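Read-outs throughout are calculated quantities, based only on the coordinates presented, and are distinct from any laboratory measurement. Because the structure is predicted, anything quoted here is derived from the model rather than measured. Neighbour counts run over all protein chains shown; Cβ positions are idealised from the backbone, glycine included.
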Amino acid sequence: MTTADVIVIGGGIAGVSAAAEIAGSARVVVLEAEARLGYHATGRSAAIFIRNYGNATLRALNRAAAAVFDAPGELSDGPLLKPRGEMLIATEDELGALDAYAEGAEGVEELTPQQAVALVPILRPERIAGALIERDAQDIDVDRLLQGYARRLKARGGRVATGGEVRGIGRSGPDWKVQTGAGTFTAPVVVNAAGAWADEVAGMAGIAPLGIRPLRRSAAILPAPAGHALDGWPLFGSAAETWYAKPDAGKLMVSPADEDPVDPHDAWADDMVLAEGLHRFEQAVTMEVTRVEHNWAGLRSFAPDRTPVVGFAPGAPGFFWLAGQGGYGVQTAPALAGLAAALLAGARPALDAGTVAALSPDRFAEH
């Protein structure tokens, strides 16, 4: 039996970053089902920090996280960000989606089809009715970020138990008792940062699920198009989110931007979904896809309103939600970790009250 003040279930970037911040004032243990941290969604992220990505609440989180990414201090032994840029292109039918993205966005500029092609020479100008670029979008070194938080957690006395798949959760007096493959752990507070498994973890504890759905997102690595150096290209994709592409170590990563509901599992790409997405990509570019070098998939988990859930479950003392980060988990991790630590310590969050309320699980109890 291991006792702690806080048990964090889930060793992805959400759980590890929150645990590192919580450990500043509490004894924390992180339970990770796999043999290493960041095995699922964190390790399969497209890894780019886009300040205008997501709804208004997520954009507020992006702004709050930017300070950590820009100046990580002792969290990282090197820069966490590298210039990339994000360019969205639209056909005539997709101009509405492009306008919706631009509404309320900061630091974006319109491009002509010719300007878009100058940035990514394989694009077909006749397919571009509109284009936007956010030049300040940046690649994230996800592993460096994750390991930085893991070091901070350890330095503050926190512990990570890998191979700790949760098998049961129940009450033991005032505490929660969590039974895992790595032993039994007790603490008055459990943080549910289990990603795709968040609703399942809640169910084990007798907590009503929130409807957090894992959605599969696939990707493939293609050889670089002949005659092109990709290093200076931005991430580029459809404004309607039917595909996107990103330079990756001299090759091209292409995703069909799929969002297929699946049960929580160690995800893999569906061949048909991938083929259809690559076909949509081919229609927008001059290159032909003749070979896929590698493919994979990850699970992006969304609450019904596509906004993360952070806070204590109503009517369940000591059960704390940190879930539903969707495709924003890596770039919002510093902000959500700070919020979780403040709420658990009973301190005033750095985020404004409106954003905190928009993230609270109380919003589901009200309807």
If I fit a long axis through the Cα atoms of helix 329-345 and take the longest principal axis of the Cα atoms of the chain, what angle between them do I get, 0 to 90°, rounded to 10?
20 degrees
In the P(r) worked out for region 1-48, what percent of Cα pairs fall beyond 18 Å?
33 percent
Would you please put 27-37, 263-273, 190-200 in order of how densely packed they are, using the mean number of other Cβ atoms within 10 angstrom per residue and starting with the highest?
190-200, 27-37, 263-273
Globularity ratio of region 97-177, using Cα Rg and 2.2 N^0.38 Å
2.03
Explain nothing, just the number: dipole magnitude of the chain about its Cα centre with +1 on each Lys and Arg Cβ and -1 on each Asp and Glu Cβ, in debye rounded to the nearest 20.
1400 debye
Note: probe point = Cα of GLU293 + 7 Å toward Cβ; backbone nitrogen < 19 Å; residues of region 227-246 passing the test are 227-236, 244-246
Considering the options TRP176, GLY164, LEU210, tell which one lies farthest towards the positive end of the dipole of region 141-245, charges being +1 on Lys and Arg and -1 on Asp and Glu at the Cβ, about the Cα centre.
TRP176
Quick check: pseudo-label points 7 Å beyond the Cα along Cα→Cβ at HIS228 and ASP305, how many nm apart are they?
4.0 nm
To the nearest 500 deg cm²/dmol, what mean residue ellipticity at 222 nm is calculated for the chain from DSSP H runs of n ≥ 4 alone, each contributing -39,500 (n - 2.57), summed and divided by the residues?
-8500 deg cm²/dmol
Sort TYR328, TYR101, TYR39 so that the residue with the fewest other Cβ atoms within 10 Å of its own Cβ comes first and the one with the most comes last.
TYR39, TYR101, TYR328
Arrange ILE221, ILE128 by Cβ neighbour counts within 10 Å, fewest through most, would you?
ILE221, ILE128
If HIS228, HIS40 are placed from fewest to most neighbouring beta carbons inside 10 Å, the sequence is HIS228, HIS40
Which cross-chain or sequence-distant (5 or more) residues have an amide H under 5 Å from the amide H of ALA257, H modelled 1.01 Å from N in plane?
SER218, TYR244
Mean Cβ neighbour count within 10 Å, used as a protection proxy, ranking 355-363, 202-210 highest first
355-363, 202-210
Kindly provide the pair-distance distribution of the chain built from C-alpha pairs, with 10 Å bins from 0 and whole-percent values in order of increasing distance.
5, 24, 33, 23, 11, 3, 0
Contour minus end-to-end for ARG135 and GLU241, with contour as 0.36 nm per residue of separation and end-to-end as the Cα-Cα distance?
36.3 nm
Where Rh is the Kirkwood radius over the Cα pairs of region 218-367, the temperature 25 °C and the viscosity 0.890 mPa s, what D in µm²/s does Stokes-Einstein return?
136 µm²/s
